[in-house]
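Taking it in order: structure first as structure tokens, then the write-up.
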Amino acid sequence: MGFARTILLKASRSQWLARQLRERRFFQRAAQRFMPGETLDAALDAAAHLGKSRLGSVLTELGEQVTNRAEAEAVRDHYLGVLDKIQRRRLPAHISVKLTHLGLEADRDACTRDVLALAERAEQARSFLWIDMEESRYVDATLDVYRQAKTECQSVGVCLQAYLRRTPRDLEALLPLAPAIRLVKGAYNEPEDIAYPRKRDVDAHYFGLAIRLLTEAARQRAKPVFGTHDLKLIAGIREAASAQRVDPEAYEIHMLYGIGVAEQRALVADGARVRILISYGSAWFAWYMRRLAERPANIWFVLRNVV
């Protein structure tokens, strides 16, 4: 599985492969298992449908590596429009953005201003802005932008990746801000000195970070979110939360659209707060390959549903 994960992550960066596979019908059908459609309206309709089952949602337009300000401004304006529609339809939905999609590499100061604009609009819309985490080379810049945004607005959180060896230090440095943290395992191809290569090590690291977050949540000094489909890990986290007397309303579980639907609803029925990450847009190839790499066994799930 380690070999399969490496191949999938390398493939996610291949523009040639993206061009070849995006037009193949079987590959389009496979990707559709994990997204309701390419349009914003499809994502909003999915969020409304999930809301009827007491499932919240997080909307994200697929895209990254924007290198000019005009395109970055268009992304910002798109998300401002998304928040308008969330408010108008009264959806229990948040948004999540990648900073390279907002032009981090083109102009960091402008990117920071755009994040602030989105966080303020999210607060007005009674929504929430999540800042996604990308490759390890972007961690410092991403956390700097988050710190600036958090000092001016409460409705903003950031993602941390459990497979990175540095994450415990990053978490401790953020705790004075009473942060909102979405903890995920990580889905990029990183060298061994930067990220744990073995699943069991990542899982152990994740659980340790989760316990630290729950400890702070019990003191109302952090808002933890656990992004995972690992049911054993989720059960352990919920047991630890109960042992620490953490209010079930004080943390959330985030899962991906189209994966483990029955499990998502079972968690809600058992009193958990669950949100579903709904991705949309045409730039889905790299995202889709990373989703497969997170759990290469998903390849067989895809094949069973498209052949």
* Asked: If amide H atoms are built 1.01 Å from N in the plane of the peptide, which residues on other chains or at least 5 residues away come under 5 Å of the amide H of residue 256?
  -> 277
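For segment 126-201, report the accessible area per residue in Å² (1.4 Å probe, heavy atoms, rounded to an integer). Intermediate results must be reported in sequence, preceding the final value.
On the way: 3230 Å² over 76 residues.
Roughly 43 Å² per residue, with all protein chains present.
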* Asked: Quick one: if you stick a label point 7 Å off each Cα along the C-beta vector at residue 39 and residue 173, how many nm between them?
  -> 4.4
* Asked: Contour minus end-to-end for residue 221 and residue 270, with contour as 0.36 nm per residue of separation and end-to-end as the Cα-Cα distance?
  -> 15.1 nm
* Asked: Can you run phi through the Karplus equation (6.51, -1.76, 1.60; θ = phi - 60°) for segment 54-61 and list ³J(HN,Hα) in whole Hz, with x for Gly and Pro?
  -> 6, 9, x, 8, 10, 9, 9, 7
* Asked: R0 = 45 Å: FRET efficiency of residue 48 with residue 201, Cβ-based, nearest 0.05?
  -> 0.70
* Gap in Å between the Cα centre of segment 51-83 and the Cα centre of segment 103-156? -> 12
* **Rough spin-label spacing in nm, given labels placed 7 Å along Cα→Cβ, for residue 73 and residue 147** => 3.0
* Would you kindly find the accessible area of residue 138, with a 1.4 Å probe and non-protein molecules such as ligands, DNA and RNA excluded, rounding to the nearest 10 Å²? => 10
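Can you tally the net charge around residue 174? Count Lys and Arg as +1, Asp and Glu as -1, for every other residue whose Cβ sits under 13 Å from the Cβ of residue 174. Mind dumping the intermediate values first?
On the way: positive: 147, 150, 166, 169, 182, 212, 221, 223; negative: 140, 144, 170, 172, 216.
Here the count lands on +3.
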* Structure fact -> Put 39, 228, 67 in order of accessible area, largest first, probe 1.4 Å, and you get 67, 39, 228
* Taking 7 Å along the Cα-to-C-beta vector as the label spot, tell me the residue 231-residue 154 distance in nanometres, rounded to one decimal. => 3.7
* To do: Starting from the amide H of residue 100, placed 1.01 Å from N in the peptide plane, find each other amide H under 5 Å away whose residue is 5 or more places distant or on another chain.
  => 65
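The values are calculated or read from the model by the stated rules, or taken from the named source; none is laboratory data. Note that the structure is predicted; figures quoted are calculated from it, not measured. For neighbour counting, all protein chains shown are included, and Cβ atoms are generated from backbone atoms with ideal geometry for every residue, glycine included. Protein only, heavy atoms only, side chains kept; ligands, DNA and RNA dropped before computing areas. Shrake-Rupley method; radii C 1.70, N 1.55, O 1.52, S 1.80 Å.
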